[in-house]
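Report on the structure given below.
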Amino acid sequence: MLRWLIGGGREPQGLAEKAALQTIGEDQSQNPYTELLVLKAHRDIVRFLVQLDDNRFASAGDDGIIIVWNAQTGEKLLELRGHTQKITAVIAFPSLDSCEVDSQLILTASADRTVGVWDCDTGRQIQRVSCFQSTVKCLTVLQGLDIWLSGGNDLGVWNRKLDLLCKTDHLSDTGISALVEIPRNCVVAAVGKELIIFRLVAPTEGLLEWDIIEVKRLLDHQDNILSLVNINDKSFVTGSHVGELIIWDALDWTVQACERSFWNPSPQPDAQQEIKLCQKQNDISINHFTCDEENIFAAVGRGLYVYNLQLKHVIACQKTAHDSNVLHIDRLPNRQLISCSEDGSVRIWEVREKQQLAAEPVPTGFFNMWGFGRVNKQASQPVKKQQENGTTCSLELIGDLIGHSSSVEMFLYFEDHGLVTCSADHLIILWKNGEQESGFRSIKLFQKLEEDGDLHPAV
């Protein structure tokens, strides 16, 4: 049976301690997800999950099929067919209060160079756009303007009726890998190792048509950008293939902070040999971000890092959180974090405060002058350096969800219905709170007995 190994949550004292990895056994008292429900409908890798409302989600992947599910029961509600190749992007397009038809829409892009618009309530394909010159790799909805954007070798702007409002010229053969909205009707597009700022201009009395203007190109990254997310209304963050984390001002597009030390697993001089071995690009690539008001949570290679926005440095890390690359992370309530990996595992972590150990004082006196002291200055320097650069929190493993047999691509968290994971094994798994589900079953049983008249009052 495959062993699931993780880092121990402490700074290593050398190669010997680094090799001793912590494991988690069967007793997972803090893991509520003790029941699972396996959903089988896809015939190929399931790469995307999108939440539609409090009770429904949609899945899509390499078989070109989109399926709408009930998040509580696991019932398959709709099967949407129309694409001939794999799905490359999925996004929900919420309805507007002013719309006559109050329905939830899904936008799906495919390698067949089409984008489909689907009604989640009926499963009907409302429209299909097939005028793209390249595969659309990302989709973004700007709900305030009631438009959506398609990112491929160019950037297209569309309205709800799927009319093309405007588009850019050919940007790059690599295409746009990510898009986010920033203030002042602007968007940021990740194109290779560049960030391009575009401004959308809505029609006015003097301008009858929409327009999209390239405002600026940001060239601070040294390699391809893999992650791009908003932190808040004032800043966004990007991560690259070589472990560069850059925080940007969303108003003037300047660099607010930068972190490039993910490839350095320990400041200890005796770990230099291991550092060289760990400097593979796959080990330091920033695959995914999630944020809150205080921290950025980064999936870096096989590890997890917590970067504090105020302190501007990493405050917690698990350098070997999984056996393979971490593909997706997100926050849970109560200072918890969840991650999934190419190794097929899903893990739950808790961010905990930890007490910093003070550096041992340097003894003085005659014997210390000749190196005979209990602790000499040279020996204490790494301790001081570790205290200065050490983390102030730890990431502790509290749950290990083992159910998939292949890479777990992403997941969704439903506050009332648990977790949903999708995988390269073609499966979707609903992870349920065992104690909560047991309570639900007891209530249903009681209600059934009461309806059948099998309940008798106690004498």
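Here, each number is a calculation from the coordinates, and none is a lab measurement. If you're wondering where the values come from, they're calculated on a predicted model, not measured in any experiment. Here the Cβ positions follow ideal geometry from the backbone for every residue, glycine too, while neighbour counts run over all protein chains shown.
Worth pointing out:
- Measuring between their Cα centroids, segment 223-245 and segment 401-450 lie 32 Å from each other.
- In this structure, the residue pairs whose Cα-Cα separation is over 31 Å, taken from K40/K444; K86/K193; K161/K193; K40/K193; K137/K161; K76/K161, are K161/K193; K40/K193.
- Computed from phi, the 3J(HN,Hα) profile of segment 188-197 under the Karplus parametrisation 6.51, -1.76, 1.60 (θ = phi - 60°) reads 10, 10, 8, 10, x, 9, 9, 10, 10, 8 Hz, with x in place of Gly and Pro.
- Residues L219, L226, sorted so that the one with the fewest Cβ neighbours within 10 Å comes first: L219, L226
- Placing a pseudo-label 7 Å from each Cα along the Cα-to-Cβ vector at S442 and K76 gives an inter-label distance of 3.5 nm.
- Ordering E451, E409, E294, E350 from the fewest to the most neighbouring beta carbons within 10 Å gives E451, E294, E350, E409.
- Among the GluC sites (Glu not before Pro) found in segment 25-75, those both in a DSSP coil and sparsely packed, with 14 or fewer other Cβ atoms within 10 Å of their Cβ, are E26, E75.
- 5 angstrom amide H check on L327, placed H, neighbours 5+ away: C340, S341, E342
- When the alpha carbon gyration tensor of segment 160-264 is reduced to an equivalent ellipsoid, the three semi-axes, largest first, read 28, 15, 11 Å.
- Multiplying the residue separation of D53 and E450 by 0.36 nm and removing their Cα-Cα distance gives an extension gain of 139.7 nm.
- Three-way shape label, segment 88-221, alpha-carbon gyration tensor, a/c 1.5: oblate
- Full extension of the chain between D27 and D121 yields a length gain of 29.7 nm, computed as 0.36 nm times the residue separation minus the alpha carbon distance.
- Local charge for G123 was computed over the other residues whose Cβ lies under 10 Å away, with Lys and Arg +1 and Asp and Glu -1, and equals -1.
- Taking a sphere under 12 Å around the Cβ of D211 and counting the other residues whose Cβ falls inside, with K and R at +1 and D and E at -1, yields a net charge of 0.
- Applying both filters, DSSP loop and at most 14 other Cβ atoms within 10 Å, to the trypsin sites (Lys or Arg not before Pro) of segment 307-336 gives K312, R335.
- Whole-Hz couplings from phi, Karplus 6.51/-1.76/1.60, listed for segment 317-325; x for Gly and Pro: 7, 10, 5, 10, 6, 9, 6, 9, 4
- Among V255, V188, sorting on how many other beta-carbon atoms sit within 10 Å of each Cβ, with the fewest leading, yields V255, V188.
- Formal net charge of residues neighbouring I45 (Cβ-Cβ distance under 9 Å; K, R +1; D, E -1): -3
- Residues whose amide H falls under 5 Å from that of A321, counting only those 5 or more places apart or on a different chain, are G7, G303, L304, with hydrogens built in the peptide plane.
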